[in-house]
Amino acid sequence: LERAVAATQSSLVDVSDLWFGVTVEGNRSRDLLAQGCALDLDPRVFAPGASAVTQLARLRSLIHHVAGSPVYHVHVERSYAGYLWAWLIDAMTGIDHEGEAG
């Protein structure tokens, strides 16, 4: 790739450290994410394997529904990792052990 870019008036920049990722999984993972996201996360709409860029907890986020399970990978810009983590903890307290919002 570097050789191909060198032959053009382009540049190659590694941005892999830009993103912070967290895995949200479990029977109520969809309910948890739905508290801060406008996506319809119903698996018939946001099927396993789907990805979307959306707002989650007011952050630009990439959400990926991992195939075959109620598991979601959520990615935000690294500088917002602490905010996302705190939001997830707060949002989890809104879902009781029975899985009902409360």
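Results, tabulated for the structure shown:
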item: Options Leu88, Leu56; residue that is in contact (Cβ under 8 Å) with a residue 60 or more places away in the chain and touching a helix residue (DSSP H, G or I) at 6+ places or on another chain (Cβ under 8 Å); result: Leu88
item: Qualifying residue in region 20-37 (condition: modelled with pLDDT under 80 and among the aliphatic types (A, V, I, L, M)); result: no
item: Residue check, Arg3 of a type in the set (D, E, K, R) and surrounded by 11 or more Cβ atoms within 10 Å (Cβ to Cβ); result: no
item: Members of region 16-33 that are open to solvent by 80 Å² or more (accessible area, probe 1.4 Å) and part of a loop (DSSP other than H, G, I, E, B); result: Asn27, Arg28
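The values are calculated or read from the model by the stated rules, or taken from the named source; none is laboratory data. Predicted, not measured: the structure shown is a model, and the values here were computed from it. As a convention, Cβ positions derive from the backbone with ideal geometry for all residues, glycine included, and neighbour counts pool all protein chains shown. Keep in mind that these areas ignore ligands, DNA and RNA; they rest on the heavy atoms of the full protein, side chains included. Shrake-Rupley method; radii C 1.70, N 1.55, O 1.52, S 1.80 Å.
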